[in-house]
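Structure first, commentary second.
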Amino acid sequence: KRCSACMLMHYCSRDCQLADRKAHKRACQVITKQRKLLADLDTDARARNLFELHQGYFWEVAAPYVKARYDLALLIHPVAYK
């Protein structure tokens, strides 16, 4: 069984998931919020063709999207990015 909100934590059963809920809740909320931000930025970037039309000044246009991806990676794997 996997946490349906953050999609990161795996549990052997629903009982184990409920037992860990108090400890997992805050991290889950932060990760879920960051995933939503990234999804919204990704949708916007694709709708505006950021990845195809803004060659040459890509970083200025795509910086919020790239930062959101990095922040999510940092939340998921904090040791690897420090």
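The table for this structure:
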item	result
Condition met for Y65 (of a type in the set (F, W, Y), open to solvent by less than 50 Å² (accessible area, probe 1.4 Å) and modelled with pLDDT under 90)	yes
Test: residue in the range 54-61 that is surrounded by fewer than 13 Cβ atoms within 10 Å (Cβ to Cβ), at pLDDT 90 or above, part of a helix (DSSP H, G or I) and not hydroxyl-bearing (S, T, Y)	no
Residue match in the range 43-51 (condition: modelled with pLDDT under 85, of a type in the set (D, E, K, R) and open to solvent by less than 100 Å² (accessible area, probe 1.4 Å))	yes
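The values are calculated or read from the model by the stated rules, or taken from the named source; none is laboratory data. The shown structure was predicted, so the numbers you read here are calculated from the model rather than taken from an experiment. Heads up, the Cβs are rebuilt from the backbone with ideal geometry, glycines too, and the neighbour counts pull from every protein chain shown. Note: areas computed on protein heavy atoms with side chains; ligands, DNA, RNA excluded. Shrake-Rupley method; radii C 1.70, N 1.55, O 1.52, S 1.80 Å.
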